[in-house]
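Presented below is the structure to which this report refers.
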Amino acid sequence: MPQPHRPTRPARPPQPQPRRARRGGPDGGTGSGTARRRGDRPRWGVRIAAGLSVVVLGSGAVGHAVMTGLDTGIERVDPFKDMKNRPQAGHGLNFLLVGTDGREKISPEERREYRLGGAPCHCTDTIMLVHLSADRERASVVSLPRDSYAEIPEHQDLNSGKPHKGHPVKLNAAYAEGGPNLTVRTVENMTRVKIDHYLEVDFTSFMKTVDAVGGVEICTAKTMRDANTGLDLLPGTHRLTGGQALQYVRSRHVDGASDLGRMQRQQRFVAALIQQATAGGVLLNPVKFKQVSSTLLGSVRADTGFGSEQMLALGQAMRDFTPSSSEFASVPVGDPSYPVKGIGSTVKWDEPKAAKLFEALRQDRPLAPARPGKPGGRPAAVAVDVPPQQIRVQVENGTRIDGLGGRVDAALRATGFDTTGAPGNGAGRDVKRTVVAYDPRWDRSARSVASALPGSELRAVPGQGRTVTVVAGSDYRKVVPVRAEDPYQGGAAGVVTGGDVVCGS
């Protein structure tokens, strides 16, 4: 969707519109302050204002003037220095988004409030590969587990300057040994995806940016508490402040899914940012867009090619984004506890499946392309990793809707799942969002079940056993057909869009 006078190298998505922090109730209601949805009919005055804003941002000269001077606050790094034998550039643009510690920059009061005690870790806490399609109509976000088994190339030690031969590490240790440069080299070697831009956000810059946009709205289907981070959220909708958002994306002990669950929450948070930026008016208001951009650019580390022009270009490119324009996936894992001498337990990727995932990024293809069904026939089946016939499912009714458990059991059985045929009642009768409870040892089976239940929540229950439990919530509408297929070959299991995870979706 080309725009007139748009710079050619966009960058990271801008952040959403300022709004006061608030907290919703168990019903997930958003209250009277909810942002206007795309489908609502705006007043004529709002239409005129939005139209004028589009003209301002659409003009290269005026838009550039609005953003002038923001580059001066960016801390620069050179992650591409002296890099050789890099992967070939594909279509679209690729950003490596790295989250680091930086707790030494936080005040003692904030460190106590947000449980940030202990010495700072000079390593990466979060690693995401973000792809913006060449037509600027899709953003794909792939989370790379920080404990991934990696083999870093030859390099000089960041602190001592001594040369090191290549050796195995956990992926997050590449930053400690060689900083942004070694991190980029290691990720490119593992994925064969060429990185165009590097963005590094620490705890301080993350909280500042979230507070600058007025917080980010997150909805939860259950109570979320983590004594290690201080996270404490009741079921419902919440507008998180910067500190609360940091607790949300850092928590690893909310359930038994550890880093898998944490990566899902991080993806959910990014989806909420995109939703708010595209639907909340930030991209159509030059003043707000500059305020958010200045906060972001003034509190990150970035490569020399990333600046205000790229922020402006991306703002223009994303004006027509919807939640479904973004898609999220994690690298397929072959062994979640791969032992390495001297390192400990690492996460070993499923190399063939991971290669197909990264090939989709290089070729600028959706990670899970839509599959049109036959006219007048059944909807197209969603590709899943495990055949439904191999998955045992117990259905429970989590609502007061009579017969809901039986309907869900029958629909899953008709789709091929091995249901018990004896649905029961759940422990509670006020479940709003359908839950897929599973033992982490059978997470691939759980994802296959969740793919058949759009909008459902995955919930790890260590020790549950092989049977997957589905607790039907009041949001249940239908079961979609699924079929086993090799992931990332014309379709991907475990890929969700922003529309699947944002509040109200």
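Every read-out reported here was derived from the displayed coordinates using simple, explicitly stated rules and does not represent laboratory data. These numbers were taken from a predicted model, which means no experiment stands behind them. Glycine also receives a Cβ, built like all others from the backbone with ideal geometry; neighbour counts cover every protein chain displayed.
What is the extension gain from SER160 to ASN189, computed as 0.36 nm multiplied by their sequence separation minus the C-alpha to C-alpha distance, in nm to one decimal?
8.0 nm
Quick check on my link table: of LYS208/LYS288; LYS356/LYS478; LYS84/LYS194, which ones sit more than 19 Å apart, alpha carbon to alpha carbon?
Pairs exceeding the cut-off: LYS356/LYS478.
Cα atoms only, region 382-487: Rg and Dmax in Å?
12.3, 39
Using Cβ counts within 10 Å as a stand-in for footprinting exposure, how do MET190, MET83 rank, fewest first?
Least to most surrounded, the residues fall as MET83, MET190.
Where does each of 141-148, 221-228, 447-454, 335-342 land if you order them by average Cβ count within 10 Å, highest first?
447-454, 141-148, 221-228, 335-342
Taking R0 as 25 Å, what's the FRET efficiency between ASP418 and ASP350 from their Cβ-Cβ distance, rounded to 0.05?
That gives a FRET efficiency of 0.55.
Using packing as a proxy for protection, rank 297-306, 149-158 so that the peptide with the highest average count of other Cβ atoms within 10 Å comes first.
Those peptides, ordered most packed to least, come out 297-306, 149-158.
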